[in-house]
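**Student:** Here it is: the structure, laid out below.
The values are calculated or read from the model by the stated rules, or taken from the named source; none is laboratory data. As the structure is a prediction and not an experimental result, all values here were calculated from the model. Counting neighbours? That spans all protein chains shown, and the Cβs are built from the backbone with ideal geometry, glycine included. SASA here: full protein model, heavy atoms, side chains in, ligands and nucleic acids out. Shrake-Rupley method; radii C 1.70, N 1.55, O 1.52, S 1.80 Å.
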Amino acid sequence: MKPFYSSSLLFIFLTIVGCKSLDTVAFKTPVDTTDKPISIQIKQTYALSDLGVYVSNDFDGARLNGLKKANDSTAMLLINPENEPINNSAYYAFKAWSNTPKPFYFRFEYPKGYKHRYIPKLKRDKAWHVLDSTNVFRNDSIVTVKLNLTKSPVMVAAQEINASTDVKTWYTNLIKGKESYVHFSHYGKSKLGRDLPVLDIYKGDKKGKDIIVLFTRQHPPEVTGYFAFQEFLKTILNDSELSDTFLNQYRVLAFPILNPDGVDLGNWRHNANGIDTNRDWSVYNQPEVKQTVKFITKTMKRNNAKLILGLDFHSTYEDVFYTNKIREGTTLPNFIETWFTALEANIEGYKVNEAAGNSTKPVSKGWFLYGHNATGITYEIGDATPKDRIQVIGKVTAEQMMRVLLNK
């Protein structure tokens, strides 16, 4: 374990109460992750009665804080973050419809200092699609979209909505018929009482098996990373000869939604306590992180196992792997270089984008390194990376991870 930084000692001491059963991990730049108040949306349907136009945020994953009529063809969407300070990841999601078919314009209005980030995605029936660029109008930082409204509501969102119930449906279907080696459980509850699920995956004897940990959905809008996680896990569970050999030698702990409250509340980044959970991997103030660490720690101790690799799936402006520079002396000192070489050789036209830097703030990849001497990687997918490309990347990264760890 990396020695504690002296600047962190007081911070660790003052916050260790309540985490006595868990080993805290020190970072060079501590972050205050004590609870901060958030502003809860009022769930309702906004009516522009004289125009016969309606907009709603009354569903999980919605984000709309108000609606103002601008003129007979345009309305202002008021979008606010859950609290501040916060990353400039202005997330929105709403439904809109009208009494009669008509084109209608919606202009996004964010608080000062924030700007539009995500290309709108639409869903009227079952399938999502990106809003055609001819219906998106930019005037400096002001963005307006044109929607063709009907009596049938159209859902508009910054990213495809995958609320906690959607995630549950996905993993329930994924593990159906695989219960002999995919051991599902809820290991705790979120701040607002939502289940925290985990898939504990192995074949044969679980004792002594090295552990790979997979995280996703710490930040609610980062759905493209979740899509990569889905394909990655699907590949590990595809019952191939490679998968069978891998799961007889290794154990995977997969956490499909680490921040269910933030996801369902439509938060830009934080959990229900107003905290970025990916800054709490030091003293575990937040219930979601604390219970995750407790589950992993207990699993390791009970089975005389060690954690060797952790991948945390996120989204950002482009595809990138954030890695730690410290590798010599860790559990897998050559994994990253070997894995990245294999990815470039097996994904057509693919060039690995790596940003290496030892974690100074308490993020998960630093927790893997400083807390377990394990390889930790933040696996980021671009906001606008096409879904079919994500599926290829997710599949091949899982296949090559298994091959590298098996020396195949």
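**Student:** Give me the net charge for the shell around Thr216: Cβ to Cβ below 12 angstrom, other residues only, Lys and Arg +1, Asp and Glu -1.
**Tutor:** For residues surrounding Thr216, the net value is -3.
**Student:** Using amide H atoms built 1.01 Å from N in the peptide plane, name the residues 5+ places from Arg269, or on other chains, whose amide H lies under 5 Å from its own.
**Tutor:** Glu82
**Student:** Out of residues 5 or more away from Thr216 or on other chains, whose amide H comes under 5 Å of its own, with H placed 1.01 Å from N in the peptide plane?
**Tutor:** Phe255, Ile257, Leu258, Phe313
**Student:** With a ≥ b ≥ c taken as the square roots of the eigenvalues of the C-alpha gyration tensor of the stretch 299-384, please select rounded if a/c is under 1.5 and otherwise prolate if a/b is larger than b/c or oblate if it is not? Intermediate values should be presented prior to the final figure.
**Tutor:** Values: a/c = 1.92, a/b = 1.55, b/c = 1.24.
Judged from the Cα gyration tensor, the stretch 299-384 comes out prolate (a/c at least 1.5, a/b above b/c).
**Student:** If you don't mind, another one. So which GluC sites (Glu not before Pro) in the stretch 86-179 pass both tests, a DSSP loop state and at most 11 other Cβ atoms within 10 Å of the Cβ?
**Tutor:** Numbers: sites: Glu109, Glu160, Glu179; in loops: Glu160, Glu179.
Passing sites in the stretch 86-179 are Glu179.
**Student:** Continuing with this model, one more query. Return one quarter of the surface area of the convex hull spanned by the alpha-carbon atoms of the stretch 112-198, equal to its mean projected area, in nm².
**Tutor:** 9.5 nm²
**Student:** Hey, another quick one. Just how far, in whole angstrom, is the stretch 107-135 from the stretch 249-294 if you go by their alpha carbon centroids?
**Tutor:** 26 Å
**Student:** If R₀ is 35 angstrom, what is the calculated FRET efficiency for the pair Leu131 and Lys306, using the beta carbon separation as r and rounding to 0.05? Don't skip to the end; give the middle numbers.
**Tutor:** Values: r = 47 Å, r/R0 = 1.35.
Here the calculated transfer efficiency is 0.15.
**Student:** Specify whether the C-alpha gyration tensor of the stretch 130-257 places it in the rounded, prolate or oblate class, a ≥ b ≥ c being the square roots of the eigenvalues: rounded for a/c under 1.5, otherwise prolate if a/b is larger than b/c and oblate if not.
**Tutor:** Taking the square roots of the gyration eigenvalues as a ≥ b ≥ c, the stretch 130-257 is prolate.
**Student:** Let me ask something additional. What lysines sit close enough to Lys351 to cross-link, taking a C-alpha to C-alpha distance under 29 Å and skipping anything fewer than 8 places away on the same chain?
**Tutor:** Output for Lys351: Lys121, Lys234, Lys325, Lys361, Lys365, Lys387, Lys395, Lys408.
**Student:** Could you report the accessible area of Val352 in Å², rounded to 10, computed with a 1.4 Å probe on the protein chains as they sit in the structure?
**Tutor:** Near enough 20 Å² of accessible area.
**Student:** For the chain, what does -39500 (n - 2.57) per DSSP helix run (n ≥ 4), summed and divided by total residues, give at 222 nm, in deg cm²/dmol to the nearest 500?
**Tutor:** -8000 deg cm²/dmol
**Student:** Next question, about the same structure. Between beta-carbons, use under 14 Å as the cut-off and find the net charge around Asp35, counting Lys and Arg +1, Asp and Glu -1.
**Tutor:** So the surrounding residues net to -2.
**Student:** Next question. Compute the length gained on full extension between His183 and Thr29: take 0.36 nm times their separation in residues and subtract their Cα-Cα distance, giving the result in nm to one decimal.
**Tutor:** 51.7 nm
**Student:** Could you give the alpha-carbon Rg of the stretch 92-144 over 2.2 N^0.38 Å, rounded to two decimals? Display every interim value, and only then the final one.
**Tutor:** Numbers: Rg = 12.5 Å, N = 53, 2.2 N^0.38 = 9.9 Å.
Computed over Cα atoms of the stretch 92-144, the ratio equals 1.26.
**Student:** Using only alpha carbons, build the gyration tensor for the stretch 213-274 and give me the equivalent ellipsoid semi-axes, biggest first, whole Å.
**Tutor:** For the stretch 213-274, the ellipsoid semi-axes come out as 29, 11, 6 Å.
**Student:** Principal axis extents for the stretch 186-244, Cα atoms only, whole Å, descending order, please.
**Tutor:** Principal axes ranked by extent give 39, 27, 16 Å for the Cα atoms.
**Student:** Next question, about the same structure. If one computes P(r) from the Cα atoms of the stretch 228-363, what percent of pairs lie at distances over 22 Å?
**Tutor:** 51 percent
**Student:** A follow-up question, please. Starting at the first residue of the stretch 347-352, write each ³J(HN,Hα) from the Karplus equation 6.51 cos²θ - 1.76 cosθ + 1.60 with θ = phi - 60°, in whole Hz, x for Gly and Pro.
**Tutor:** Karplus values, whole Hz, x for Gly and Pro: 10, 4, x, 9, 10, 5.
**Student:** What is the antiparallel percent of DSSP beta bridges lying wholly in the stretch 112-267, to the nearest 5?
**Tutor:** Here the antiparallel bridges make up roughly 75 percent for the stretch 112-267.
**Student:** Restricting to Cα pairs below 8 Å that are 6+ residues apart, what does the relative contact order work out to for the stretch 322-408? Please round to a whole percent.
**Tutor:** Details: 83 pairs, mean separation 34.0, N = 87.
Contact order relative to length: 39 percent.
**Student:** Would you mind working out the magnitude of the charge dipole of the stretch 189-240 relative to its Cα centre, with +1 at each Lys and Arg C-beta and -1 at each Asp and Glu C-beta, to the nearest 20 Debye?
**Tutor:** 260 debye
**Student:** Please report the carbon-and-sulfur percent of the accessible area for the chain; probe 1.4 Å, protein heavy atoms only, DNA, RNA and ligands left out.
**Tutor:** Values: 8610 of 17400 Å².
Solvent-exposed carbon and sulfur of the chain make up 49 percent of the total.
**Student:** Return the sequence-ordered ³J(HN,Hα) values of the stretch 284-301 in whole Hz as given by the Karplus equation 6.51 cos²θ - 1.76 cosθ + 1.60 applied to θ = phi - 60°, using x for Gly and Pro.
**Tutor:** Rounded to whole hertz, the list is 6, 6, 8, x, 5, 6, 4, 6, 5, 4, 4, 5, 5, 4, 5, 4, 5, 5.
**Student:** Next up: Placing +1 on the Cβ of each Lys and Arg and -1 on the Cβ of each Asp and Glu in the stretch 203-315, which of Phe295, Asn259, Gly208 has its Cα farthest towards the positive end of the resulting dipole?
**Tutor:** Ranked along the dipole, the leading option is Gly208.
**Student:** DSSP beta bridges in the chain, what fraction antiparallel, as a percent rounded to 5? Spell out each step's value before the answer.
**Tutor:** On the way: 48 of 76 bridges.
Antiparallel bridges make up about 65 percent of those DSSP assigns within the chain.
**Student:** Are there chymotrypsin sites (Phe, Trp or Tyr not before Pro) in the stretch 293-371 that DSSP puts in a loop and that have at most 11 other Cβ atoms within 10 Å, and which ones? Intermediate results must be reported in sequence, preceding the final value.
**Tutor:** Numbers: sites: Phe295, Phe313, Tyr317, Phe321, Tyr322, Phe335, Trp339, Phe340, Tyr350, Trp367, Phe368, Tyr370; in loops: Tyr317, Tyr350.
Hits after loop and neighbour filter: Tyr317.
**Student:** Another question, then. Among Ser282, Pro221, Leu242, which residue has its Cα positioned farthest towards the positive end of the charge dipole of the stretch 199-288, with +1 placed on the Cβ of Lys and Arg, -1 on the Cβ of Asp and Glu, and the dipole taken about the Cα centre?
**Tutor:** The residue sitting farthest along the positive end of the dipole is Ser282.
**Student:** Hey, what angle do you get for helix 223-236 against the long axis of the chain, alpha-carbon based, 0 to 90 degrees rounded to 10?
**Tutor:** Taking the Cα atoms of the chain, the angle to 223-236 is about 40 degrees.
**Student:** Considering every Cα-Cα pair within the stretch 37-85, what fraction, in whole percent, is farther apart than 16 Å?
**Tutor:** Considering the stretch 37-85, 43 percent of its Cα-Cα pairs are separated by more than 16 Å.
**Student:** Taking the solvent-accessible surface of protein heavy atoms with a 1.4 Å probe, what is the per residue accessible area of the chain in Å²?
**Tutor:** Result: 43 Å² of accessible area for each residue.
**Student:** Quick check: pseudo-label points 7 Å beyond the Cα along Cα→Cβ at Lys351 and Asp50, how many nm apart are they?
**Tutor:** Between Lys351 and Asp50, the label points sit 5.6 nm apart.
**Student:** Quote the charge dipole size of the chain about the Cα centre in Debye, to the nearest 20; the model charges only the Cβ of Lys and Arg (+1) and of Asp and Glu (-1). Present the calculation step by step, with values, prior to reporting the outcome.
**Tutor:** Working: 52 positive and 42 negative charges, 124 e Å.
Once rounded to the nearest 20, the dipole reads 600 debye.
**Student:** With the crude spin-label approximation of a point 7 Å out along Cα→Cβ, what separation in nm comes out for Ser152 versus Thr297?
**Tutor:** 5.2 nm
**Student:** Moving on. Pairing the Cα long axis of helix 164-175 with the longest principal axis of the chain, what angle in degrees results, from 0 to 90 and rounded to the nearest 10?
**Tutor:** Taking Cα atoms only, the helix is inclined about 50 degrees.
**Student:** Using only Cα atoms, find the angle between the long axis of helix 387-406 and the longest principal axis of the chain, and express it within 0 to 90 degrees, rounded to the nearest 10.
**Tutor:** Tilt relative to the chain: about 10 degrees.
**Student:** Evaluate the Debye formula for the chain with equal point scatterers sitting on the alpha carbons, no solvent, and hand back log10 of I(q)/I(0) at q = 0.09, 0.12 Å⁻¹, in q order, two decimals.
**Tutor:** -0.57, -0.97
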